[in-house]
1. Count the DSSP beta bridges whose two residues both fall in segment 147-192, then state the antiparallel fraction as a percent rounded to the nearest 5.
2. So, counting K/R as plus one and D/E as minus one, what does the shell of residues with Cβ under 13 Å around L185 add up to?
3. What dipole magnitude, in Debye to the nearest 20, does the chain give about its Cα centre under +1 on Lys/Arg Cβ and -1 on Asp/Glu Cβ?
4. Compare the peptides 169-177, 151-159 by average per-residue count of other Cβ atoms within 10 angstrom and give them in order, highest first.
5. Filter the DSSP H helices in the chain by two things, a Kyte-Doolittle mean of at least 1.0 and an axial alpha-carbon span of 27 angstrom or more, and list the hits by number.
6. Where q = 0.13, 0.16, 0.18 Å⁻¹, what log10 of I(q)/I(0) comes from the Debye formula for segment 28-84, counting one point per Cα?
7. Could you grab the relative contact order for the chain? Cα pairs under 8 Å, six or more apart, rounded to a whole percent.
8. Under a Cβ-Cβ cut-off of 14 Å, what is the net charge of the residues other than G47 that fall near it, where Lys and Arg count +1 and Asp and Glu count -1?
Amino acid sequence: MTLHYYQNNAQRFFEETVNVDMSSLYEAFTRHLPAGAWVLDAGCGSGRDAHAFSQQGYKVDAFDASSELAALARQHTGLPVRQMTFTELNEKEKYDGIWCCASLLHVSLHELPEVMQKLAKALKPGGIWYVSFKYGEGEREKEGRRFTDMTQASLLALLSAVPGIRAETLWVTQDKRPERRELWLNGLLKKR
C-alpha cells in the first residue's frame, strides 16, 4: 500500500521534499561523525539528505523501497542509490552513522523490532543513528500510506528490543515544511 503510493506519486513527493531545509537536524547528527565517515541513508526518498551528506564529504550509501524514488534520488545525488527494503539490509558494522529520516515510520509496529535490529547490526560500535517519527501513538493509514507514530515512551520501549542501542537524546520539532503543522519525534541513538 505505502510502496504503491510512492511509486505513483514519486515525482510530486520528490518536488515537495527535495528542497526542505534540514540543516539543524544534519548538524545534530554530523557532530557525532568522524571526518570521512560512512553514512547510510536508509529510506532516502528524494535523496535530499544523502546528497547533503555527500556534499559535506561523507561516504554515503542510500536506498529506498520505491524504484521510482530510487531512480529520482540517483539522478539528484549522482550516487548509486539502491532499490531495496529495510529487511534486505545485510551489512555488518559498516556505518559510522545511519540516517532514518521519516522512513521507519512506514514500518509496522510488529516489524519494527526486527528491522531496527538489522539496522543496528549495520552500525559500527560507537556509531550514531538518527530516527524520526510523526509524534503520536499507534498505527494509522492516511491517504494510501501507513504510519507508525511514536512518543518518547513508545520509542524507548521499542529500543528495549534492540540490544546494544540506547537513546542518546530525544526531542520534538515542528515539521520543517512551512505549510505543515505536524510535530515530529527525533532521536539520536548510539551503539555501545
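1. So the antiparallel bridges in segment 147-192 amount to around 100 percent.
2. -3
3. Its charge dipole is roughly 440 debye.
4. Output ranking for 169-177, 151-159: 151-159, 169-177.
5. Helices meeting the span and hydropathy rule in the chain: none at all.
6. Ignoring solvent entirely, the Cα scatterers give -0.28, -0.41, -0.51.
7. So the answer I get is 19 percent.
8. Here the charged neighbours net out to -4.
Just so you know, all these numbers are worked out from the coordinates, no wet-lab data involved. None of the values given here were measured: they were computed from a predicted structure. When we count neighbours, we look across all protein chains shown, and the Cβ atoms used for this are built from the backbone with ideal geometry, even at glycine.
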